[in-house]
Amino acid sequence: MQLYCESLTSYKRLNTLEIKIGDLLLGNHHPIRVQTMTTTDTMDTAATVAQTIRCIEAGAELVRITAPSKKEAENLQLIKDELRKRGYNTPLVADIHFTPNAAEIAARIVEKVRVNPGNYVDKKKFEFIEYTDADYLEEIDRIRMRFTPLVKICKEYGTAMRIGTNHGSLSDRIMSRYGDSPMGMVESAMEFLRIARDEAYHNIILSMKSSNPQVMVQAYRMLAQTMQQEFGVCYPLHLGVTEAGDGEDGRIKSAIGIGTLLEDGLGDTIRVSLTEDPEFEIPVCLDLVKRYNLRTEQAKKENLPGENSAEIPPVISLPYSPFEYKRRQSHALGNTGGRQVPVVIADFQTTETITPQSLESIGYRYDPQMDKWNISDGAADFIFITKPQIEFALPGTLKVVCPQQLWKGISDKDKYLPYFESAAYLEDKDIPASAHFVLFDTARTDLWDAFLKVVQQKSHVILCLESSHWHAMPSVRRFIARLIELKINCPVIIRVESSKDSIDEQLIHFSTEAGALFLEGMGDGIWLWNKKAQLQNMRVSGRTYLEVKDNQQFLNNTAFSILQATRTRISKTEYISCPSCGRTLFDLQETTAKIRAVTHHLKGVKIAIMGCIVNGPGEMADADFGYVGSGPGKITLYKSKDIVKRNVDSDIAVEELILLLKESDAWVEPEGVNTKN
Ligand code: SF4
């Protein structure tokens, strides 16, 4: 094992123990299983059965159902009986929070139970309490007493268990010793895992969910390493980004977190949590898993004698930590690199004619009456062109990258920057002593040494890295690690091309390939480019989630959303919305859409929209404001972790949220709104 996975450079699944959930085998190189969770009231047997069937027919291999109390746990029997009667044998999972009694009933009925170690025995009070070593051990004994009966039942009934830690619901005990950290998440699960192992119970899977992909990725990596070091084996991993939200942002956030781990072979089952009907999560899961089924096939082929092409140089010692975020050191060239936010390059190479209107898709709107550009927070920093085609004055903040031959004939050298393909660059002719871009395909391992030797001597180069390797992201990551080893500090733009057919697949491809590198702190810019997807508005559940005007807009939005999800450049409001479940107290999809409509212009503000007060406040992690269901027709509003307005009537709750934002100086009027009376 290399730090936390089998290999950082060739694709291999992590060796995990095999577990059995009903008839389903999971872990130990079995296919990556896909799953979801119902959103119906568990006491409504007919609705839950119907929704479970829709999920199974969409491809779910496991379906989770909430069991908030004993009566719901008991009703799982009716749900299971009805499903089996109709010929659906897919294993069911009971989702438990706070109620060991419900868990002990459910474990006798369904094939798997999920417990959250942050709230199975502990109640989170958001209090900072100092624990002595003796106090701490006493707490562990208390957990052992409360948790062991469930372990024994699971063992007796052959029921599997997920120890599912959530970043937002760590116990006060864990918080006091480890803080709100990935290590705290790992220790929270390990406490429960050690107890289960002491009972010789191993039918266990673990998860480390967070709404922040950075925290989630670090926690899973640490968990894999910790299990290996402490037990010499790894239990299988259930991957997910919790409260990812809906539409494009939910898909991007999920793909970045889950995809980054799958790239390194971590993950035996996945759930994409979207604030949408659960059956719509499954196609996203299947698209994600498909990438790694292909990867496994390719890896097998590469291992055949004579087939091994362009092997990525193995890692001897890693010059960065995969367990913490630290941006790679680079020097600034103009607005790129150094401590500046990553830049976005919009690729116009296939656009025949560029007009002021063309720039609307990348965040610039020209007002001819005022002769002024309106620039949005999601406006690209550069455009890439290959022909002389701009016959109007560009906005001041937008620069142009163009091939060096074209650049030579342009007089405005401030506005235009030259671009080289690596072959021409290696010839070392006509290289200016000013900022210039160079494209390099890191799959060309035969050129690494020669190329790095040239780059090492240049102080004005901005590298644009892409990879045609079948294991592309690790190929780029390995090359950047070489830059770090050689102390080459030029800025790096991550360039990703997609030839996938659908918007969904392109979103997943871009998010995984580019997002994984931004999570490692490795990008000073992003450049997405595609063979056009079949553009269509993304419609889910009768609502339009992604209005796709044109390909440029799609690529620009995706680039900014990847930077937002990796928290490297904030350009819009962030929503942390739970996927909803049987505990949900209002229509989450409709409410999220309503809140989004009035707050989408609040750049950098994090708003959580959570279905219930039992789990919501704990799960909303680092949100600035929370809108939480606290009873039928009632909403409680939070500022950070503090209740500000309790049990507000839901009819006026959105207006009350706006008032709270105003009182907290987090509100700005949307563009075009006249605030004068
Ligand atoms: S926060 Fe949302 S998904 Fe989580 S238990 Fe409450 S309603 Fe269900």
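The values are calculated or read from the model by the stated rules, or taken from the named source; none is laboratory data. In this text the structure is predicted, and so the values were computed from the model without any measurement. Please note: Cβ atoms are built from the backbone with ideal geometry, for glycine as well, and neighbour counts cover all protein chains shown. To get the accessible areas, we keep the full protein, side chains included, count just its heavy atoms, and leave off ligands, DNA and RNA. Shrake-Rupley method; radii C 1.70, N 1.55, O 1.52, S 1.80 Å.
Note that the range 267-272 has calculated 3J(HN,Hα) couplings of x, 10, 8, 10, 9, 9 Hz, one per residue in order, obtained from phi through the Karplus relation 6.51 cos²θ - 1.76 cosθ + 1.60 (θ = phi - 60°); glycine and proline are x. Summarising the amide proton neighbourhood of Thr159: residues at separation of 5 or more, or on other chains, whose placed amide H is nearer than 5 Å comprise an empty set. In the context of the full set of protein chains, the chain has a per residue accessible area of 39 Å² (1.4 Å probe). What is the angle, in °, between the Cα long axis of helix 213-231 and the longest principal axis of the Cα atoms in the chain? Nearest 10 is fine, range 0 to 90. So the helix axis and the longest Cα principal axis differ by about 60 degrees. For the chain, which whole percent of the accessible surface, found with a 1.4 angstrom probe, sits on carbon and sulfur atoms? It is 49 percent, rounded to a whole number.
Of the residues Gly396, Ala106, His460, the one whose Cα sits farthest toward the positive end of the charge dipole of the chain, with +1 on the Cβ of Lys and Arg and -1 on the Cβ of Asp and Glu, is Ala106.
The heavy atoms of His331 offer some 70 square angstrom of accessible surface to a 1.4 angstrom probe. Dipole size of the range 57-142 about its Cα centre, with +1 on Lys/Arg Cβ and -1 on Asp/Glu Cβ: approximately 660 debye, rounded to the nearest 20.
Restricted to Cα atoms, the range 273-431 shows a radius of gyration and a Dmax of 22.0, 68 angstrom.
Short to long, the 10 Å bins of the Cα pair-distance histogram for the chain hold 3, 15, 25, 25, 18, 10, 4, 1 percent of all pairs. Amide H to amide H distances under 5 Å link Arg64 with Thr36, Met37, Thr38, Val93, where only residues 5 or more positions off or on other chains count and H is placed in the peptide plane. Within the chain, DSSP assigns beta bridges of which about 25% are antiparallel (rounded to the nearest 5).
Note: the range 602-677, Cα convex hull, 96 Å³ per residue.
Taking amide hydrogens as placed 1.01 Å from N in the peptide plane, the amide H of Val648 sits under 5 Å from those of Ile635, Thr636, Leu637, each at least 5 positions away in sequence or on another chain. Quick one: of Lys415/Lys487; Lys326/Lys603; Lys290/Lys500, which pairs are farther than 18 Å apart, Cα to Cα? Listed pairs above 18 Å: Lys415/Lys487; Lys326/Lys603. Max-minus-min Cα coordinates of the range 174-215 on each principal axis give 33, 22, 9 Å, with the largest extent listed first. Here the chain is assigned +1 on the Cβ of each Lys and Arg and -1 on the Cβ of each Asp and Glu. Its dipole about the Cα centre then comes out at about 480 debye. Placing unit charges on each Cβ (+1 for Lys and Arg, -1 for Asp and Glu) gives the chain a dipole about its Cα centre, and among Thr36, Met1, Ile174 the Cα reaching farthest toward its positive end belongs to Met1.
Expressed as a whole percent, how much of the Cα-Cα distance distribution for the range 391-541 exceeds 19 Å?
When all Cα pairs of the range 391-541 are counted, 58 percent exceed 19 Å.
Structure shown: which of Lys71/Lys639; Lys253/Lys453; Lys372/Lys413; Lys387/Lys429; Lys253/Lys662 lie over 30 Å apart, alpha-carbon to alpha-carbon?
Working: Lys71/Lys639 34 Å; Lys253/Lys453 37 Å; Lys372/Lys413 23 Å; Lys387/Lys429 21 Å; Lys253/Lys662 28 Å.
Pairs exceeding 30 Å: Lys71/Lys639; Lys253/Lys453.
Taking every protein chain into account, the 1.4 Å probe leaves Val614 with about 70 Å² of accessible area, to the nearest ten.
In this Cβ point-charge picture (+1 for Lys and Arg, -1 for Asp and Glu), the range 175-294 has a dipole of about 380 debye about its Cα centre. Over all directions, the projected convex hull of the C-alpha atoms in the range 205-310 averages 7.9 nm² in area. Rg ratio for the range 336-397: its Cα radius of gyration over 2.2 N^0.38 Å, N being its residue count, equals 1.17.
Give me the compactness ratio for the range 549-677, meaning the Cα radius of gyration over 2.2 N^0.38 Å.
1.10
Sparsely packed loop sites in the range 106-183 (the chymotrypsin sites (Phe, Trp or Tyr not before Pro) outside DSSP H, G, I, E and B with at most 13 other Cβ atoms within 10 Å) comprise Phe126, Phe128. With the convex hull of its Cα atoms as the shape, the range 1-151 has an orientation-averaged projected area of 12.1 nm². Rolled with a 1.4 Å probe across the full set of protein chains, the surface gives Ser7 an accessible area near 10 Å².
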